[in-house]
1. How many of the residues making up segment B:366-395 are farther than 20 Å from B:Arg220 by Cα and hydrophobic (A, V, I, L, M, F, W, C)?
2. In segment A:114-166, how many residues are outside any loop (DSSP other than H, G, I, E, B) and either at positive phi or hydroxyl-bearing (Ser, Thr, Tyr) (or both)?
3. Among the residues in segment B:267-275, are any touching a residue at least 12 places away in the same chain (Cβ under 8 Å) and touching an Asp or Glu at 6+ places or on another chain (Cβ under 9 Å)?
4. Keeping to segment B:106-134, report how many residues are farther than 26 Å from A:Leu312 by Cα and either of a type in the set (S, T, N, Q) or open to solvent by 10 Å² or more (accessible area, probe 1.4 Å) (or both).
5. Which residue out of B:Val250, B:Val276 is under 14 Å from the mean Cα position of the chain (by Cα) and either open to solvent by 10 Å² or more (accessible area, probe 1.4 Å) or away from every other protein chain (no Cβ under 14 Å) (or both)?
6. If you scan segment B:380-398, which residues turn out to be open to solvent by 10 Å² or more (accessible area, probe 1.4 Å), under 30 Å from A:Gly282 (Cβ atoms) and among the hydroxyl-bearing types (Ser, Thr, Tyr)?
7. Would you confirm whether any residue within segment A:85-97 is away from chain B (no Cβ under 13 Å), over 19 Å from A:Ala25 (Cα atoms) and part of a helix (DSSP H, G or I)?
8. Filtering segment A:305-329 down to residues that are among the polar types (S, T, N, Q) and more than 7 Å from every other protein chain (Cβ to nearest Cβ), which residue is nearest to B:Thr233 (Cα to Cα)?
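The values are calculated or read from the model by the stated rules, or taken from the named source; none is laboratory data. Just so we're clear, the structure is a prediction, and the values are computed from it rather than from any experiment. Please note: Cβ atoms are built from the backbone with ideal geometry, for glycine as well, and neighbour counts cover all protein chains shown. We work out accessible area using only protein heavy atoms, side chains counted, and drop any ligands, DNA or RNA first. Shrake-Rupley method; radii C 1.70, N 1.55, O 1.52, S 1.80 Å.
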There are 2 protein chains.
Amino acid sequence: MAHAVSPLALPLPALPPIGGVRLGAAAAGIRYVGRDDLMMVELARGTTVAGVFTNNKCPGAPIDWCRGALKGGKARALVVNAGNSNVFTGRAGAEAVKASAEAAARLVGCRAREVFIASTGVIGQRLPVEKLEAALPALHASLSDEAWERAARAIMTTDTFPKAATRTAEIGGAEVRITGIAKGSGMIAPDMATMLAFVFTDAKLPAPLLQRLLSRGVARSFNCITVDSDTSTSDTLLLFATGAAAHPRVPAEGGPILRGFRAALEAVLHELALLVVRDGEGAQKLIKVSVRGAVSARSARRVALSIANSPLVKTAIAGEDANWGRIVMAVGKAGEPADRDRLSVAIGGVWMARNGAVVEGYDERPVVAHLKGHEVEITVDLGLGRGEATVWTCDLTHAYIDINGSYRS
Amino acid sequence: MAHAVSPLALPLPALPPIGGVRLGAAAAGIRYVGRDDLMMVELARGTTVAGVFTNNKCPGAPIDWCRGALKGGKARALVVNAGNSNVFTGRAGAEAVKASAEAAARLVGCRAREVFIASTGVIGQRLPVEKLEAALPALHASLSDEAWERAARAIMTTDTFPKAATRTAEIGGAEVRITGIAKGSGMIAPDMATMLAFVFTDAKLPAPLLQRLLSRGVARSFNCITVDSDTSTSDTLLLFATGAAAHPRVPAEGGPILRGFRAALEAVLHELALLVVRDGEGAQKLIKVSVRGAVSARSARRVALSIANSPLVKTAIAGEDANWGRIVMAVGKAGEPADRDRLSVAIGGVWMARNGAVVEGYDERPVVAHLKGHEVEITVDLGLGRGEATVWTCDLTHAYIDINGSYRS
């Protein structure tokens, strides 16, 4: 189960407290032994919430619960366990979620519908909710405003490093902070990635506005990453706004006063999404795929994802092989408008193929050097229109096979 | 470049001559050293032809040529090289195909448009057509009606064993034979698989009828296999009918007289397609994915392909892990109508999950035994309608990474 830390890992940033957020973690023994596997957050009264969930048609019971709870727009607590995803667990699964929410609600003193639940881990096994309920009271008693790293670690499954991002912004001259933690490593593909991400801010924002900000931010972050094209049944991204910061009132429609906040939120989401790719199962290289010249942005994104999900492209990058022919193949298989004879391909900024044929005598040395690094850039120009998109993925290596051929054992 | 023969390999069947078909192979030194890499077939006057090609938007120059030649409906020769796919080679690529066809036409004494060309191998490198032209005269002089195995070996790239299938059928009481050879191992996904397949019969059938028979047969064979979801730029399937057999005239619409022939043709296509999966790069297990209870056959096929292309499902099978939760995930990510709470999943005929939850107390032992074998069956019942589909794939192993991380080196 334990794998070497990804060579693409980044250190956890310093994570100062956020007004209205208290958190902690505990070892509930749900599946893992000798590590935290349960995380709890208590949120100040008046906290608003927004969420985005997997498009998978077989979502876990916690997703059903959160979708319902989100309608109220209010949150007082978040409970997350790792090791068991509570997916495909029938009525027992739904009852386990309800019991978890009720147990947390009793401790916090709120309604169960103000408790959000997420689970990650193996699919199809009964969640031992009694272990979770047993661990909650002591965990609740231990909550503090500083346990960010411990919380980020408690939600990991095949992740090799904890993931967090933080930014500050100004709203009407007052400083607010946005901090997110995430987990995710495999079963990562839009929409969304196989991951859990929880973002907290002390800004005071109505839930509908928060939801618009989040949905917009996801389109450019979590929905632009893929590790293995497999879409999780548990993807959950929640954004909580405690309202503890003292800033001028934000109008319902948002507007210019939120410009800085919006940029900071998008930066946090983008950084979290890229951290997930950096911890892609077996990843040795972070791959940025940029497509331009498509007939539309939507078409560009599909072509970019076709490249990013191609096992042959990903193994070529793993082998540090500038096999641009496979990129041509992946463009052509996307099913989107493409004209072979207008297509150009670059790796590391060097155009190796232009307008349907190899660039005779191009210098392969900088490409080879680029491929030896940890970050690889692929650029494709379809030469048809003005549509652009960028997605991120990682290479496909032996370690992916190692990790996924023995996940449950 | 040399990899161990697939454990799923099947021996080449005995391949008797077919009236009107003479074939052979030679070492032209196009890319490989010390092996045949050029294959030629001469076909009797009056031979009709049908073809199906890749849907990839960046097809190779030979595909362009064959699509044009197919309009005539007549064939006198086939020339195939391995080691260089002549894809993404611009005007030089088109000229190389034309030169190859003209060289073969001179030898056979036919029009260039009656010569079909296919190439397989690396993308984006100029085809050294002069080597091909230099080797053709001696190759043509050596053609015989018995060189099937040599022909099947000459077109291999990363294949670990030669592939052929043969059947006989009766048309109006007279026996006809159908024999096909194929190559394909990676870059295999519908439509079609990354592969070349050439099927020959001595039946006498008009080209439009031949095309209908072929298109129908492909839907149930080559378009139901996938190795890695990557669609080649060179996929070519050609069916040649020499008319050498002495059977009653077949009407233009085909009809009942062709019942036996149609079944035999479909059997040959199906067997060839499965041989390609059996030689899937790194394959240790052949996986049959059957989906039923979908809202339509089309929907069932998409769900089946979502399972068959899921890296997490394929690595689980490689690890002999009955991780049916990943199958649930792959059903859910297909984007097709599915209801988690009606979904059932079986491996090796044992239903492990039914109607949205695990089957409590199911016997895992026969499943474990089944997974240790070379052929694995996954069955999914969506419980929604009557749509059914079956596709075949292979597992995803370390050898796939080995082969594709160093293909060009």
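1. Counting residues in segment B:366-395 that are farther than 20 Å from B:Arg220 by Cα and hydrophobic (A, V, I, L, M, F, W, C) gives 6.
2. Number of matching residues: 5.
3. No, because not a single residue in segment B:267-275 is touching a residue at least 12 places away in the same chain (Cβ under 8 Å) and touching an Asp or Glu at 6+ places or on another chain (Cβ under 9 Å).
4. The number of residues fulfilling the criteria is 14.
5. Details: B:Val250 fails: under 14 Å from the mean Cα position of the chain (by Cα).
Testing whether each residue is under 14 Å from the mean Cα position of the chain (by Cα) and either open to solvent by 10 Å² or more (accessible area, probe 1.4 Å) or away from every other protein chain (no Cβ under 14 Å) (or both) leaves just B:Val276.
6. Matches in segment B:380-398: B:Thr397 only.
7. no
8. First, the residues of segment A:305-329 that are among the polar types (S, T, N, Q): A:306, A:309-310, A:315, A:323.
With the extra rule that they be more than 7 Å from every other protein chain (Cβ to nearest Cβ), the set shrinks to A:306, A:309.
Values: A:Ser306: 14, A:Asn309: 17 Å.
Residue satisfying both the conditions and the ranking: A:Ser306.
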